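Derivation of every value follows stated rules applied to the coordinates shown; laboratory data play no part. All values derive from a computational prediction rather than experimental measurement. Here the Cβ is made from the backbone with ideal geometry for all residues, glycine too, and neighbour counts use every protein chain on show.
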Amino acid sequence: MPAALDPPSDESLLTRYRNGDKASFEVLYARHRLGLYRFLVSLSNKAELAEEVFQETWLSLIRSTTQPQGRASFRTWLFQIARNRLIDHWRKHGVHNPLHDSYDEQLHVQPDDTNSPEQQLSLSRDQARLDAALQALPEDQREVFLLRLHGDLELPQIAALTGAPLETVKSRLRYAQQKLHRLLAEEVPA
Amino acid sequence: MIDSKHIPDPDDERLIEHFRQHASGEPPASLDAFILATARREAPTPTPSLWQRWLQACQRPRWQMAFATVAGVALMIGLVLRSTVPHDELSSPASMELSADRQAPAVAAAPPPAMPAPAPITRMAPQGELARAPASPMQSLVEKPAAKMSKSAPAAQPSLEQGLLEILRLREAGESKAADEKLLALHKRFPKEDLPARLEALQKR
């Protein structure tokens, strides 16, 4: 049973906004603006394009009268709208959609020995190196990792959003994390 | 099949957390302002409650007319129904008796000024009716229902003058016995009247 002071859910805030409560939208926007923006910037790797898609996503939500369907959460719904808008933009401008590339994870697997107890490693905190590591990931792995990172989505939600089988999503996330560990690992001086 | 119970690897969670801690970049303030302003401007109008909708409907002239008409009709029906109740009581002999019986003790206990004033009645009444001035409040009460009933059945009780004329007619016809019986009946109805004197006056006229 939820406590009386529990914050309202995203879905109830959206419903309240649809019923004319303007303040509910501001709460909803404050909750998701950073995650959505960072997801778009990292996925498109272009700030201007990310801003454009970010704006279109929120305006679409403002002008739409629909609600998240079925068991989909508001967060999944929001990120799906944004992802679809980005794919539409790529199509419209004749850009090859990198998310539709088939990628054989097995070919890119490299031994991951970062967890070995003999080697104490820390992760780089250099922002440029973090960004570079993300961009070094294959697109579909990066997408899954970014949805997990910025959208805080569970794997089944990511599978539903991307339309990929759950096992594929799991393996993409696993390979992405292995690669990131490898790229960011720094040996701790003894 | 969706495996909803995904148990994250602690090491992977550490990686995610590491990225979250070092994530940067946020939408420009102008973009925030534009989206929030659009949201405020294009927010759906609040759906009024049932009570508010009813009030709004009442404020429209068309509905005001309708409500006024309904109220007027209801008022008229109420008035008509209220005014028909006494007529019903009067037209029913049983209720008339009942009302007379009910009124009798109350009116008898009431002071004389509360009684219906007989004077205007006698003034308006024909000459023959003058003698019908009630001798007592009780008598007037007894006569009142009869008078009311006479409105609905006028030929039920002949007036004093008619009775006297009938007696004269019977005497002229030689039916003195019938005339005497009629006189006796009239005397019972009007005990205070000097019937022989009135008969004589009528005969002279």
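Evaluated at q = 0.12, 0.14, 0.18, 0.23 Å⁻¹, a Debye calculation over the C-alpha positions of the stretch A:10-92 (equal weights, vacuum) places log10 I(q)/I(0) at -0.34, -0.46, -0.74, -1.12.
Derived scalar couplings between HN and Hα for the stretch B:25-36 equal x, 8, x, x, 4, 5, 5, 4, 4, 5, 5, 5 Hz in order, rounded to whole Hz, by the Karplus curve 6.51 cos²θ - 1.76 cosθ + 1.60 (θ = phi - 60°), x for Gly and Pro. Cβ crowding within 10 Å ranks A:W77, B:W54, A:W58 as B:W54, A:W77, A:W58, fewest other Cβ atoms first.
Note that the stretch B:158-205 shows a convex hull volume over its alpha carbon atoms of 62 Å³ per residue.
Among the listed pairs A:K46/A:K92; A:K46/A:K179; A:K92/A:K170, those whose Cα-Cα separation exceeds 28 Å are A:K92/A:K170.
Each label point was placed 7 Å from the Cα along the Cα-to-Cβ direction; for B:L50 and A:Q135 their separation is 6.1 nm. Modelled spin-label separation between A:T15 and A:A30, with each label point placed 7 Å from Cα along the Cα-to-Cβ direction: 2.2 nm.
Under the simplified labelling scheme, the B:E17-A:E56 pair shows an inter-label distance of 3.7 nm, with each label point 7 Å from Cα along Cα→Cβ.
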